[in-house]
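The values are calculated or read from the model by the stated rules, or taken from the named source; none is laboratory data. From a predicted model like this one, the values you see are computed outputs, not experimental measurements. Every residue, glycine among them, receives a Cβ derived from its backbone with ideal geometry; neighbour counts consider all protein chains shown. We work out accessible area using only protein heavy atoms, side chains counted, and drop any ligands, DNA or RNA first. Shrake-Rupley method; radii C 1.70, N 1.55, O 1.52, S 1.80 Å.
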Amino acid sequence: MTTLTTAPAPAPVAAPAPVAAPAPVAAPAPVAAPVHDVAPVLPVVGADTLVPLVDGRQVPYANLDVAASAPALEAVADRVTRVLPLYASVHRGAGYLSQVSTALYETARRTIGAFVGARDDDLTIVTRNTTDSLNLLAGCVPADPVTGEPGRVLVLDIEHHANLLPWQRVTDATVVTGGPSVAATLAEIEGELAAGVADGRPYALLALTGASNVTGEALPVADVVAAAHGAGARVVLDGAQLVPHRRFSLADTGVDYVAFSGHKTYAPFGAGALVGRRDWLDVGTPYLAGGGAVRRVRTTRTEWHEGPARHEAGSPNVVGAVALAAACDELAALDPRVAGEHEDALRRRLVDGLGALDRVEVVHVWDDAVDPVGVVTFTVSGYDPGLVAAYLSAEHGIGVRDGRFCAHPLLGRLGFDAGAVRASVGLGTAGEEVERLVAAVRSLVDEGPQARYDVVDGLWVVVDDPRPVPAGSGLEGLLATAALGADEAFGCLPDDL
Ligand code: PLP
């Protein structure tokens, strides 16, 4: 039997390779020089506060925990001081000062909205903080018009819990795992949005951070908005870490809603804001039930207001709103280039200075993120993050944050389930404070801590901490239970951090 075989096809002749221009060799990014001489951009209250060290010395507090809560700008504190004598009830009094306070509150609302580029028809709702704002919006996401099921919301796994849990509790939330690069993550989002449309269950909303509270990184807003709007979804930005650090405009970006906090925007007086499209907010479930949110109440039926009042039941926080508006005025008057360059110089020094140390790893979400804000998270191998933070405070007077930063899914995905240490800077940060941190971590790596530390109730504390409570401040009575460190006065649910 003859077996027919086919002659092997001649091997394709490879086309001659085009003569390629030599690939440009990317110049290595210059290593950031020390920043001893970089001065704060704006004065903040308490910049020269002294704190005790375990060796008995006192040093100026280096507040490198600005991402958690930023100190008040001096201009904010000044405005609050000037407004307090005018303080009276808002929206509730016929007295002269009530009218003044109401006018101050409503003017503050306009300033806050304008600061984030509110469109003519947008609402500005004064809330307590970002968490409050996002919970409020979650209650306003429309249900599916066909099934009546809760509206669908798409979230990334890099989010702060404040931009994760409200959606999971109230809406039909899907959490997408981010990819290793910005481009891959955008592709994940686009794919999920498209799948929603194809399934006939489109997303109503995409909820995304404007800047990660773990690394300062963010996705490009223009691409996110284009993808979401292309699939019929709105976009809410968690602006907690964005608004204090970058000029942001709803009108310019097309973002539908932004949420942010006064206490992160140099105005720690208990107010935050949700700003954005009116229609959902005008018909959504009133956030709080109570006085001020209603037009008419009968025992069996209530007519709710539309507009901001619908979601602002109870006496408004006029001091908080005025303080936040004062901060907005100050930030709006700043040259954004000056603010950006200051923060960028400090951030690059932190990344390069810490990254150059043995055993120190700096955390990134993506390799290709651009323009991160001033938040740098790191670990020191061999040392628990809580110990590093306790050491920085006790031996160097430096305040940082440790833990999982209310971003458990992200820390878990990146392999930092045991937590990390976060340093963050702002307009009131001096380069010298950054240098102190780099030097202190270097000394930890080279020599180890000098004091003895132990874990008490889940928190790292100095054994027999000799540091006194602040003396002469007139607050001694209020601090009576604060034997620094171990006492429950400062113990705050370590598992959740
Ligand atoms: N979102 C981000 C990115 C944050 O960093 C934070 C706080 O750290 C929040 C939301 C929650 O902000 P707040 O505690 O002011 O509600």
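Here are a few things to note about the model shown:
- Of every Cα-Cα pair in the chain, the percent that sits beyond 44 Å: 21
- Rounded FRET efficiency, nearest 0.05, which uses the C-beta distance separating R169 from V370 and R0 of 35 Å: 0.60
- Per-q log10 I(q)/I(0), segment 124-193, q = 0.19, 0.26 Å⁻¹ (Debye; single scatterer per alpha-carbon; no solvent): -0.82, -1.10
- In nm, spacing of pseudo-spin labels at S473 and E432 (7 Å Cα→C-beta vector): 2.1
- Positive-end residue of Q241, S261, A211, charge dipole of segment 205-267 with Cβ unit charges: S261
- Only alpha carbons enter this Debye calculation for segment 239-367, each as an equal point scatterer, and the log10 of I(q)/I(0) it gives at q = 0.11, 0.20, 0.21 Å⁻¹ is -0.58, -1.21, -1.26.
- Dimensionless Rg/Rh of segment 83-143 - Kirkwood Rh, Rg from C-alpha atoms: 1.07
- Rotationally averaged projected area of segment 289-328 (alpha carbon convex hull; nm²): 3.1
- Take 313-326, 289-302, 261-274, 405-418 and order them by the average number of nearby Cβ atoms within 10 Å per residue, most first; the result is 261-274, 313-326, 405-418, 289-302.
- Membrane-span-like helices in the chain, defined here as complete DSSP H runs extending at least 18 Å along the helix axis by their C-alpha atoms with mean Kyte-Doolittle hydropathy no lower than 1.0, are 182-198, 318-333; this is a sequence and geometry rule, not a statement about a membrane.
- Taken along the Cα-to-beta-carbon direction at a fixed 7 Å, the label points for T49 and D120 span 4.5 nm.
- Per residue, segment 124-254 exposes 34 Å² of accessible surface when a 1.4 Å probe is rolled over the protein heavy atoms with every protein chain present.
- Considering only beta bridges that DSSP places wholly inside the chain, some 60 percent are antiparallel.
- Efficiency of FRET between L334 and A183 - r from beta-carbon atoms, R0 30 angstrom, step 0.05: 0.40
- W304 accessible area, assembled protein chains, probe 1.4 Å, Å²: 70
- Phi-derived couplings, Karplus 6.51 cos²θ - 1.76 cosθ + 1.60 at θ = phi - 60°, listed residue by residue for segment 280-288: 4, 6, 6, 10, x, 4, x, 5, 10 Hz, with x used for Gly and Pro.
- Surface share of carbon and sulfur [accessible, 1.4 angstrom probe, percent] for the chain: 57
- Farthest toward the positive end of the dipole of the chain, out of V469, Y287, N163, is the Cα of Y287, where the dipole comes from beta carbon charges about the Cα centre.
- Relative contact order of the chain, pairs being alpha-carbon contacts under 8 Å that are 6 or more residues apart, as %: 21
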